[in-house]
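Chemist: Submitted below is the structure of interest, expressed as structure tokens.
The values are calculated or read from the model by the stated rules, or taken from the named source; none is laboratory data. For clarity, every value in this text was computed on a predicted model and none was experimentally measured. Here the Cβ is made from the backbone with ideal geometry for all residues, glycine too, and neighbour counts use every protein chain on show. Surface areas here come from the heavy atoms of the whole protein model, side chains and all, with no ligands, DNA or RNA. Shrake-Rupley method; radii C 1.70, N 1.55, O 1.52, S 1.80 Å.
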Amino acid sequence: MPWNGNEDDPRRRLLIKALAEGLFSSTVRSRDASAQVLGARPAPLPPGKSIYRIEGEVRVNGQPATLDTKIASSATIETGKNSEAVYVVGESAFLQRSESHVTIETKQTDSVIVSGAQLLTGKILSVFPSGKPVRMTTKNASIGIRGTGVYMESDPEQTYFCTCYGTSDIVAVNDPTSRTTVVSRQHDRPLYILAGEQAGQNIRAAPFINHTDQELMLIEALVGRTPPFVFPKDNYMGPRRPY
């Protein structure tokens, strides 16, 4: 069954409530509210820093993480219940939600380059630089992406995948005949990648759920970029899509 999007964390529920009440009606007020709800106004992390924010229980390579934990090469990041991690690896940035298990694969050249990400379970929002292909995998999906922002959820039965912007080549692991390429400007074609359906029928249309434009803007800011669409009033807190 598709996820219904009801498992929002308290900080995101606070954000939705504030938006509904018109809290972000001006640029100045919205930036102040941004600091209250999402933390300090985002900017590229200083050299040597990987983690922008930790909420709850977060482990890196099995060890409890702090804001000083370095994620410099291939690493496993795990978040506990009601927990969250926002972090940077090279020129890529991630917002990992609660109860998620992610392995980041990297290659070392003059700098750290993310080459892949395996989502064993849970939910993650990711942004990657253009011109550097990345492969993201779950139990039932293999996705090659190019210069994209993407959101993924994984459980044993299905994968939810949204190409927020950029290009993604999507294949169902157990059914190579179920494959498609998505070219997206702004969440244009979210998909479910399933297992156990008839050949050629394991990729289906999905709704837009559980991630927002301002979250993309946040993590892009951590690597010195902006999403390729316009936000009203340069506002970090103004989503253009409903939950």
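Chemist: I'm trying to understand the selection: among the residues of segment 50-79, which are charged (D, E, K, R) and more than 18 Å from residue 90 (Cα to Cα)?
Modeler: 55, 57, 59, 78
Chemist: Would you confirm, using the coordinates I've provided, whether residue 236 is modelled with pLDDT under 95, among the hydroxyl-bearing types (Ser, Thr, Tyr) and surrounded by 14 or more Cβ atoms within 10 Å (Cβ to Cβ)?
Modeler: Considered against the rule, which asks whether it is modelled with pLDDT under 95, among the hydroxyl-bearing types (Ser, Thr, Tyr) and surrounded by 14 or more Cβ atoms within 10 Å (Cβ to Cβ), residue 236 comes out as yes.
Chemist: Taking strands (runs of 3 or more DSSP E) that fall entirely within segment 95-195, which contain at least 3 residues that are in contact with a Lys or Arg (Cβ under 9 Å, 6 or more places away or on another chain) and open to solvent by 10 Å² or more (accessible area, probe 1.4 Å)?
Modeler: Per the criteria, 112-127, 141-154, 158-172.
Chemist: Let me ask something additional. Is it the case that segment 87-94 has a residue that's under 19 Å from residue 207 (Cα atoms) and of a type in the set (Phe, Trp, Tyr)?
Modeler: No, there is no match, as no residue in segment 87-94 is under 19 Å from residue 207 (Cα atoms) and of a type in the set (Phe, Trp, Tyr).
Results for (1) among the aliphatic types (A, V, I, L, M); (2) at pLDDT 95 or above; (3) under 21 Å from the mean Cα position of the chain (by Cα), shown as yes or no for each residue.
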site: 7; (1), (2), (3): no, no, yes
site: 33; (1), (2), (3): yes, no, no
site: 41; (1), (2), (3): no, no, yes
site: 53; (1), (2), (3): no, yes, yes
site: 57; (1), (2), (3): no, yes, yes
site: 61; (1), (2), (3): no, yes, yes
site: 65; (1), (2), (3): yes, yes, yes
site: 68; (1), (2), (3): no, yes, no
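Chemist: Being without any contact (Cβ under 8 Å) to a residue 60 or more places away in the chain, open to solvent by 40 Å² or more (accessible area, probe 1.4 Å) and under 17 Å from the mean Cα position of the chain (by Cα) is the filter here, so list the residues in segment 196-233 that pass it.
Modeler: Residue satisfying the conditions is 226 alone.
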